[in-house]
Structures are given as C-alpha cells and as structure tokens.
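Read through the structure below, which is laid out as structure tokens, and then see the notes.
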Amino acid sequence: RYGNVRKTDAALVMEIVTGMITRICVSLPAACTAVDEDAALHLLQLFEQMNGAVGVLQQPDITTAWQQTLQIIASGKNTSAVIAGYSTRLLADHKLMEGEALVTKFYYAMSTATAPAIAAAWLEGFLKGSGTILLIDNNLWDVVNQWVEQLEEEIFMQVLPLLRRTFSNFSKPERRKLGEKVKHGGSTGTTKQVVAGIDETRANKGIAIVMQLMGYKTN
C-alpha cells in the first residue's frame, strides 16, 4: 500500500492479492458448511482478519466481491450458525442490511422454530466483539429479550455457557449499560416506568437471569 525502498511494482502485487481474494470468495461459502464448533470459531477469527484486510485495501471491486460473499454465507441454510451470525453483523456494519430487513433476519434466526443451541451460536457470531448494537437498537434488543423469556429452564441452562461466553467478551462499560437497560425495562434513560399489570416478582427473576448471562454473580 505504501511502497518500499526496493520500489516493488505495487500493481503486480495487487494483481496477486486480487487473485487470492477472488479464490477465497469463490470457495469460502462451501467451507463454512458442515464444520464443527472448533473449526467454526477458527474460521471466525479468519473472517475478522479478512474483513480488516479488505477495509485496508479500499479497492471497490474487492470490497464488492467480499460483500457479495458475505450475503451468500449469511443466507446459506447450511452455514455454520456462528459464522452466519457474524456475516450478518458485517453486512450490518457495511450498511447493506439494516432497519426492518435486519430485524426480520434477526427474528428469523432467533425464532422458536430454531434450535436453542443454534440460535445461541448465531447470536454469538452476530454480537462478536461488541454488544453496543443491543444498546442502540431497541428492536434487536426486544427480539433477544423475547427469545430468552420463552426458553424453558432446562434449555436455558444448556445454552447458558454459550450465552455467557458471548456476553463476557463485551467490555465492562457495555455490560454495565446492558444491565442498566434491563433494570429500566429496555430503556437506558434515567426514568423507570412501571406498566400496570406487570408481575414485579417475575420481572425481578428475569433480571437475575440476564445478570447470569453477563457473568455477574447474583445473590
């Protein structure tokens, strides 16, 4: 990108890089199917590095090819859940999936028709590295909140380790703000509103569960 003292032909290097990325984009969707958890998590790290490299290159053709690959992977029925979730997050970061379309995709991935373990893995991928999006997008927050509420206790305990791993990777300020959002009924504002008809005893139990997700100990 910046050249060197040997005055290497940058155009020649870019031709090689373009060829490599083209092959990656062609073969990657298939490589993201039928993989176990360890392989999926390893791929996740490579995805992050690849996305960063594409951002550094700032080549329109390469960026377009990468974004098209992300769309194929995110929509693939047999794609590893954690990778599909992360691909969706990258599309959202690129502003290629937002608003109602993003909420619909999120709701489908977290619906009751999806096995809890798969939904939890998808959520881990989508929230990789940052939970800020849950703080600023109340629609996505509501989807996650409703999904957790409908889990039976036995199922919840099965997916809890994966959920805790997801939330434990957030920064302390993010976890604190998410905890505040739970306490305020989904709002980060300072005013707490109580809606008539709510069973406060059940609501308090829900707060304890969310605190468990974030790795905090509760009494």
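The values are calculated or read from the model by the stated rules, or taken from the named source; none is laboratory data. Remember, predicted model here, so these are calculated numbers, not experimental data. Backbone-built Cβ (ideal geometry, glycine too); neighbour counts: all protein chains shown. Protein only, heavy atoms only, side chains kept; ligands, DNA and RNA dropped before computing areas. Shrake-Rupley method; radii C 1.70, N 1.55, O 1.52, S 1.80 Å.
State in Å² the accessible area per residue of the range 38-186; use a 1.4 Å probe, count heavy atoms of protein chains only, and round to the nearest integer.
51 Å²
Mind checking which aspartates and glutamates have their C-alpha under 13 Å from Lys181, skipping anything on the same chain fewer than 8 residues away?
Within the straight-line limit of under 13 Å, Lys181 reaches these aspartates and glutamates: Asp137, Asp142.
Under 8 Å for C-alpha pairs, at least 6 residues apart: give me the relative contact order for the range 17-136, rounded to a whole percent. Each step should come with its number before you reach the end.
Values: 105 pairs, mean separation 31.6, N = 120.
Relative contact order for the range 17-136 comes out at 26 percent.
First measure r as the distance between the Cβ atoms of Thr22 and Glu100, then evaluate 1/(1 + (r/R0)^6) with R0 = 41 Å and state the FRET efficiency to the nearest 0.05.
On the way: r = 33 Å, r/R0 = 0.80.
Result of the calculation: an efficiency of 0.80.
Find how much the distance from Arg164 to Glu152 grows on full extension, using 0.36 nm per residue of separation minus their present alpha carbon separation; answer in nm with one decimal. Before the final figure, lay out the partial values.
Working: separation 12, 0.36 × 12 = 4.32 nm, distance 1.71 nm.
Result for the pair: 2.6 nm of gain on full extension.
First check a/c for the range 120-165, with a ≥ b ≥ c the square roots of the eigenvalues of its C-alpha gyration tensor; if it is under 1.5, answer rounded, and if not, answer prolate when a/b is larger than b/c or oblate otherwise. Kindly include the intermediate steps, with their values, before the conclusion.
On the way: a/c = 2.85, a/b = 1.38, b/c = 2.06.
It is oblate, given that a/c is not under 1.5 and a/b is not larger than b/c.
Once you place label points 7 Å from the Cα toward the Cβ at Thr63 and Ala10, how far apart are they in nm?
1.7 nm
Going highest first, how would you order 134-142, 116-124, 38-46 by mean Cβ packing within 10 Å? It would help to have the intermediate numbers written out before the result.
Working: 134-142: 16.0, 116-124: 21.8, 38-46: 14.3.
Highest mean packing first, the order is 116-124, 134-142, 38-46.
Calculate one ³J(HN,Hα) per residue across the range 167-175 by plugging θ = phi - 60° into the Karplus curve 6.51 cos²θ - 1.76 cosθ + 1.60, and present them in order as whole Hz with x for glycine and proline.
Those phi angles translate into 6, 5, 7, 6, 5, 4, x, 5, 5 Hz.
Would the range 73-138 count as rounded, prolate or oblate if I go by the C-alpha gyration tensor, calling it rounded below 1.5 in a/c and otherwise prolate when a/b exceeds b/c, oblate otherwise? Mind dumping the intermediate values first?
Working: a/c = 1.42, a/b = 1.34, b/c = 1.06.
In terms of gyration-tensor shape, rounded.
Give the Rg/Rh ratio for the range 1-132, taking Rg as the radius of gyration of the Cα atoms and Rh as the Kirkwood radius, to two decimals. Don't skip to the end; give the middle numbers.
Working: Rg = 16.4 Å, Rh = 15.8 Å.
Rounded to two decimals, Rg over Rh is 1.04.
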